[in-house]
1. It is to be established whether one or more residues within the range 130-140 are more than 26 Å from residue 218 (Cβ to Cβ) and out of contact with any Leu (no Cβ under 9 Å at 6 or more places or on another chain).
2. Do the conditions hold for residue 116, that is, is it over 19 Å from residue 177 (Cα atoms) and of a type in the set (D, E, K, R)?
3. Of the residues that make up the range 110-125, is at least one under 16 Å from residue 49 (Cβ atoms) and surrounded by 21 or more Cβ atoms within 10 Å (Cβ to Cβ)?
4. Out of the residues in the range 153-169 that are of a type in the set (A, V, I, L, M, F, W, C) and within 27 Å of residue 207 (Cα to Cα), which is surrounded by the most Cβ atoms within 10 Å (Cβ to Cβ)?
5. Return the total of residues in the range 193-214 being surrounded by 13 or more Cβ atoms within 10 Å (Cβ to Cβ) and within 30 Å of residue 21 (Cβ to Cβ).
6. Within the range 172-192, identify whether any single residue is in contact with a Ser or Thr (Cβ under 8 Å, 6 or more places away or on another chain) and surrounded by fewer than 18 Cβ atoms within 10 Å (Cβ to Cβ), and answer yes or no.
7. What is the number of the single condition among (1) more than 17 Å from residue 175 (Cα to Cα); (2) free of Cβ contacts under 8 Å to residues at least 60 places away in the same chain; (3) not in a strand (DSSP E or B) that residue 18 does not meet?
8. Could you count how many residues in the range 22-70 are touching a Ser or Thr at 6+ places or on another chain (Cβ under 7 Å) and buried (at least 18 other Cβ atoms within 10 Å of the Cβ)?
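The values are calculated or read from the model by the stated rules, or taken from the named source; none is laboratory data. Keep in mind it's a predicted model, so treat the numbers as computed, not measured. Glycine also receives a Cβ, built like all others from the backbone with ideal geometry; neighbour counts cover every protein chain displayed.
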Amino acid sequence: MNLHYLQHVPFEGLASIETWVAARDHQVAVTRLHAGDLLPRLDQLDWLVVMGGPMNIYEEDKFPWLAAEKRFIKAAIDAGKIALGVCLGAQLIADVLGGPVFKNAHKEIGWFPVRKTEAAARSRVFEVLPAELEVFHWHGDTFALPPDATHVARSAACENQAFICDERIVGLQFHLETTPESARLLAQHCPDELVAGPFIQTAEAMLADERRFGRINETIWKLLDRLQEVNA
């Protein structure tokens, strides 16, 4: 299986998804949009993973490659590829599927629980997630659900935390892939976002217990395995 991911900034990579790819003997390639890499041909990939980033999906004036990226994501989905979006990536997928993206009432940065919705029971992919799970967040925007999407998770600060379409297109507003090192990089590169707020933690609090990262990394492996199984 060939997994291709879209990277928006050098400090947000696949993190623990990369170790899953290696453990399953899959192939991985990347388009570094921030570095001007060319997008691949659709026949070069089976899975498309769209990662996070500090920019907003509507900032095409500052990041002109966003327009081409959106067209590519839509083409990959229309071609039947498996697609996973994380944070900004989930917002981009929601946008191309008709779910508007806008500022959330609160920024959500740090460790907060998400809860599965009643509708999540309809998804074989999301069966592997517990009813409630503490996850890592780093976002200020959110998305409306795309038409025909199933709403599968919410949090106290953000109603639309995750969706799935056709059991092969997954959007996660939260992070399950984050490792201690990738969290440190976020804190180092985006310290201006760590302001006082009801759903914003300090860098020290976020990094205090590394066992948290192990739990979410185990969960993303289970989710990826099930996504592959369901779409085999």
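1. Within the range 130-140, the subset more than 26 Å from residue 218 (Cβ to Cβ) is 140.
Checking the rest, the ones that are also out of contact with any Leu (no Cβ under 9 Å at 6 or more places or on another chain) come to 140.
Yes; the residues of the range 130-140 include at least one that is more than 26 Å from residue 218 (Cβ to Cβ) and out of contact with any Leu (no Cβ under 9 Å at 6 or more places or on another chain).
2. Values: over 19 Å from residue 177 (Cα atoms): no; of a type in the set (D, E, K, R): yes.
The answer is no for residue 116.
3. So the first thing to find is which residues in the range 110-125 are under 16 Å from residue 49 (Cβ atoms), and the list is 125.
Still in the list and also surrounded by 21 or more Cβ atoms within 10 Å (Cβ to Cβ): 125.
Within the range 110-125, one or more residues are under 16 Å from residue 49 (Cβ atoms) and surrounded by 21 or more Cβ atoms within 10 Å (Cβ to Cβ).
4. Applying the first criterion (of a type in the set (A, V, I, L, M, F, W, C)) to the range 153-169 yields 153, 156-158, 162-165, 169.
Narrowing further to those that are within 27 Å of residue 207 (Cα to Cα): 153, 156-158, 162.
Working: 153: 26, 156: 13, 157: 21, 158: 23, 162: 28.
If we take residues in the range 153-169 being of a type in the set (A, V, I, L, M, F, W, C) and within 27 Å of residue 207 (Cα to Cα), then 162 is surrounded by the most Cβ atoms within 10 Å (Cβ to Cβ).
5. Restricting attention to the range 193-214, the residues satisfying the condition of being surrounded by 13 or more Cβ atoms within 10 Å (Cβ to Cβ) are 193-194, 197, 199-203, 206-207, 212-214.
From what's left, within 30 Å of residue 21 (Cβ to Cβ): 193, 201, 203, 206-207, 212-214.
Residues in the range 193-214 being surrounded by 13 or more Cβ atoms within 10 Å (Cβ to Cβ) and within 30 Å of residue 21 (Cβ to Cβ): 8 in total.
6. No, the range 172-192 has no match at all.
7. (1)
8. Counting residues in the range 22-70 that are touching a Ser or Thr at 6+ places or on another chain (Cβ under 7 Å) and buried (at least 18 other Cβ atoms within 10 Å of the Cβ) gives 1.
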